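The values are calculated or read from the model by the stated rules, or taken from the named source; none is laboratory data. All figures in this text were calculated on a predicted structure; none of them were measured in a lab. Every residue, glycine as well, gets a Cβ built from its backbone with ideal geometry; the counts of neighbours run over all protein chains shown. Quick note on the areas: whole protein, heavy atoms, side chains included, nothing else; ligands and nucleic acids left out. Shrake-Rupley method; radii C 1.70, N 1.55, O 1.52, S 1.80 Å.
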Amino acid sequence: MKSSSKRNVLLALIALSLALLACADTNRQDAVGPAQTGHSQTAAVSEAPMDRPSGPEAASPQTAVPAQIETVPAAARLTEDERNTIEVVRKTKNSVVYITNLQYVRDFFYSSDEPVPRGSGSGFVWDERGHIVTNFHVIDEGDKFMVSLPDQRQVEATLVGRDPTKDIAVLQLGESVAGLAPVTIGTSRDLQVGQKVIAVGNPFGFDHTVTKGIVSALGRAMPGAGGVTIRDMIQTDASINPGNSGGPLLNSAGELIGMNTMIASPSGASSGVGFALPVDTVRMIVPQIIQFGKVTRPDLGVTFVRDEVARRAGVEGAVILEVNRATRAYDAGLRGLYRDNFGRLLIRDVITAIDSVKIKSYDDLFTALDNYKIGDTVALTVEREGKPRQVRIQLVGND
């Protein structure tokens, strides 16, 4: 009897302990919160947005929703310098053309003249009348000229005129073309070494190629296509290659500051240091060519021996080759080469100075005359047989 009572008491204590443990577990789950219970997870899934993708990954409550990536517009990723370059290119896209120089060659079998490409280069639109400016050496010895426009059309052009001494030529489109935009003419007077420049042209036939660089140096003197030195040229590190000749060199405002003209490459490679003719020279020459078909500049009215011949003879100065009798120079006593009794060709007059400027070659004299106007009177220092004398002469226009 006693044993039975003890067993009942023990069972009652065990039941009470289990009831207390169950209450404690329930309280702990309430304190943790519903998100960690199986029932609450199901509820959370059922309340997910309706546009969530379906499938195994979407059904799992543990799938992470990727954060939305913000897209930055392409224009916002550009630097200020890049935006400026793009704007200059857009501004001049209808101003640059590609020029092909054709020369007629006799076909031996058919006895006819066939146009054969002799060379090519670039050019730019000067005005709304269809005048195209390029280098003289681009069109030199050409018989026919084809101009490729920005829209890839080809138009034949005629030669208006040229100035070999400054390596400038002007073409005229053979038909009216809509949509072409003349370049904005700037100035080369206030250029600074280090400022940004942009070259546009057709190197190796790749039309409308853009390169960028800086003004590397100013006031360079380079041998020109006309046999005399071209001075005050702009040196640039913007890539200039065959085919760039005649194309525009632009500043950050999209203004023409020079015409890409030549490359200096001691190794003989196709690329090297680039040089551009300053725009102040271009805008002095081009209007004359358009109006008169040629450039009229001050001249002495005599012809000169080539400088390389004078150097071989060991003579310093501008050696007079010939003087026409019907000229002021002849009246002033200037004389050219003559032959002695033995048939030897001898030098008579050599110009060694003009006013206060020393002259060591015809190249020097040609450059010095750029500072005068037709009708000006100059004082020449002339040597004959080693004896100097002064000769005053009025400058005339060159023919």
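Some notes on this structure:
- Spin-label model, GLU128/GLU385: points 7 Å from Cα along the beta carbon direction are separated by 6.6 nm.
- Gyration tensor verdict on region 313-359 (Cα atoms; rounded if a/c is under 1.5, prolate if a/b is larger than b/c, oblate otherwise): oblate
- 5 Å-binned pair-distance histogram of region 301-399 (Cα, whole percent): 3, 13, 24, 29, 19, 9, 3, 1, 0
- 1.4 Å probe accessible area per residue over region 171-224, in Å²: 50 Å²
- Across region 163-295, the relative contact order, built from alpha-carbon pairs under 8 Å that are at least six residues apart, equals 25 percent.
- Förster radius 56 Å - calculated FRET efficiency between GLU82 and GLU308, Cβ distance, rounded to 0.05: 0.70
- Rounded to two decimals, the Cα-based Rg/Rh of region 111-255, with Kirkwood Rh, is 0.97.
- Projected area, mean over directions - region 252-362, Cα convex hull, nm²: 12.5 nm²
- Potential lengthening between LEU218 and VAL273 on full extension [0.36 nm per residue; Cα-Cα distance subtracted]: 18.5 nm
- A Förster radius of 56 Å combined with the Cβ-Cβ distance from THR184 to GLU322 puts the calculated FRET efficiency at roughly 0.80.
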